[in-house]
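Visitor: The structure that follows is given in the form of structure tokens.
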Amino acid sequence: MKARFGTVPEDGERPIYREESLDAAGSRVSAAGALAKLASLDSVELAWSCPNAVELLSRIAATIAIQKADAPTRLFRLGNLNDLERKVIADVFGEGEVAGVVALPDGSLVQIQESVLAGIWRVRLKTDEASEYLEVGAIPEIVRRAATDLTTVDFEIVETPEGTMNVLPVLAEIRGCALAWRPGIRSRIINFTLLPMSPADWSFLKETIKNGPIELVSRGYGSCRVLASGIRNVWSVQFFNATDSIILDTLEVGGVPAVATAADEDFRDSAERLQEIIEAYFK
């Protein structure tokens, strides 16, 4: 089954953001692989050679220990790190389950990559490594800002073409929920896996709500793709099996879908693990 949003349509046209998001989530460094590199180095020498990196890790550990999912994120710049310290930071954090891209109005792309410690993210403009920073929070702020600032609040439901069946009531529900949603309200999920939709329905739905500026890929338990629509608070959330076929196809009306965000328990676990890493490899 084809994915409904953002994938290659029948005419072979390239999807927007799809290729970039796969690049962003490409080669991954696991926690075990990252720490194996550190284990081969002398901890005293490592701490002496990388004082700025050690200080940064300590600040991040203190921050994530008190972080909450609904609290503002915290940014940590990397500009004062030398090449060795940048490599050490990369080895400590590796690449975790969630990655993605945010498309900016000027055509540039911002890459985001969760570390192996959930709730700690690497963010950078694709063409500018100097812009890279680390961010502690449920999801990088650039995602929330793009979801708000680069989407449309409302949309018009026009007359449907011949061959449509259920798209009008679906669009009416999407519009009503999207306009009514506020932070703290439970997200509304529309499950297309159980809802009969004709090809004309899908075409009209996609044409009406369009693709948005954000694509996230989660590779935790299976594969999940989260794509912002062009309408504020409306997201396509699709789960895939090992053969890349959709097993659950939904639209979610609400904030950034939980499948891509870190929760309070993730912050506690990551704080504990990071402190253990600091004690084991930098003391």
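Visitor: Convex hull over the alpha-carbon atoms of the range 67-204: what's its volume per residue in Å³?
Guide: Working: hull volume 21.9 nm³, N = 138.
Hull volume normalised by residue count: 159 Å³.
Visitor: Using alpha carbon centroids, what distance separates the range 144-192 and the range 203-219, in Å?
Guide: So the two Cα centres are separated by 12 Å.
Visitor: Which parts of the range 251-281 would a label at LYS68 reach, counting a residue when its backbone N lies under 14 Å from a point 7 Å out along Cα-to-Cβ?
Guide: 264-265
Visitor: Label LEU179 and SER131 with points 7 Å out from Cα along Cα→Cβ: what is the distance between them in nm?
Guide: With each label point 7 Å from Cα toward Cβ, the separation is 3.6 nm.
Visitor: Could you check the spin-label model distance between ILE189 and ASP83? Points 7 Å from the Cα along Cα→Cβ, value in nm.
Guide: 4.8 nm
Visitor: Any of LYS87/LYS126; LYS126/LYS206; LYS87/LYS210 with alpha carbons more than 30 Å apart? Name them for me.
Guide: Numbers: LYS87/LYS126 18 Å; LYS126/LYS206 28 Å; LYS87/LYS210 40 Å.
From LYS87/LYS126; LYS126/LYS206; LYS87/LYS210, over 30 Å: LYS87/LYS210.
Visitor: Considering only DSSP beta bridges where both residues belong to the range 146-260, give the percentage that are antiparallel (nearest 5). Display every interim value, and only then the final one.
Guide: On the way: 22 of 23 bridges.
Among the beta bridges of the range 146-260, antiparallel pairing accounts for roughly 95 percent.
Visitor: Just to check I understand the Karplus step: with θ = phi - 60° and J = 6.51 cos²θ - 1.76 cosθ + 1.60, what whole-Hz values come out for the range 52-57, glycine and proline as x?
Guide: Per residue, the Karplus-derived 3J(HN,Hα) values read 5, 5, 5, 5, 5, 4 Hz.
Visitor: Which loop chymotrypsin sites (Phe, Trp or Tyr not before Pro) in the range 194-283, with loop taken from DSSP, have no more than 16 other Cβ atoms within 10 angstrom of their Cβ? Write out the running numbers ahead of the final one.
Guide: Values: sites: TRP202, PHE204, TYR221, TRP235, PHE239, PHE240, PHE267, TYR281, PHE282; in loops: TYR221, PHE282.
In loop regions of the range 194-283 (DSSP not H, G, I, E or B), the sparsely surrounded chymotrypsin sites (Phe, Trp or Tyr not before Pro) are TYR221.
Coordinate-derived values only; no laboratory data. A quick note: this is a predicted structure, and the numbers were derived from the prediction, not measured. Heads up, the Cβs are rebuilt from the backbone with ideal geometry, glycines too, and the neighbour counts pull from every protein chain shown.
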